[in-house]
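Structure record follows, encoded as structure tokens.
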Amino acid sequence: MAQRKQEPLWRIWVDTERRVVSFHEVEGGQLLEFCSYEMFQACIDRYTAQRYRYQ
């Protein structure tokens, strides 16, 4: 059985220089895409522990 490619459900942009996580596209930010809520939440938790700001 062929597997369907799962589209990303969650996206964030991370600017490590300014230590900012954004939920919308930002210049200079690296796009991260997640198909799994658990992986998305783990990533958010990691950036929160590192004291990144959110916008």
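Read the figures in this text as sums done on the coordinates, not as results from a lab. Values in this document were obtained by computation on a predicted structure and should not be read as measured data. Cβ coordinates were reconstructed from backbone atoms using ideal geometry, including for glycine residues, and neighbour counts include every protein chain displayed.
Any residue at all in the range 5-24 that's without any contact (Cβ under 8 Å) to a residue 12 or more places away in the chain and of a type in the set (Val, Ile, Thr)?
No, because not a single residue in the range 5-24 is without any contact (Cβ under 8 Å) to a residue 12 or more places away in the chain and of a type in the set (Val, Ile, Thr).
Out of the residues in the range 45-55 that are in a helix (DSSP H, G or I) and not basic (Lys, Arg), state the one that is surrounded by the most Cβ atoms within 10 Å (Cβ to Cβ).
We begin by selecting, within the range 45-55, every residue in a helix (DSSP H, G or I); these are 45-49.
From what's left, not basic (Lys, Arg): 45, 47-49.
Numbers: Asp45: 10, Tyr47: 18, Thr48: 12, Ala49: 8.
Among them, the one singled out is Tyr47.
If you scan the range 7-44, which residues turn out to be assigned to a loop (DSSP other than H, G, I, E, B) and among the aliphatic types (A, V, I, L, M)?
Residues satisfying the conditions are Leu9, Val26.
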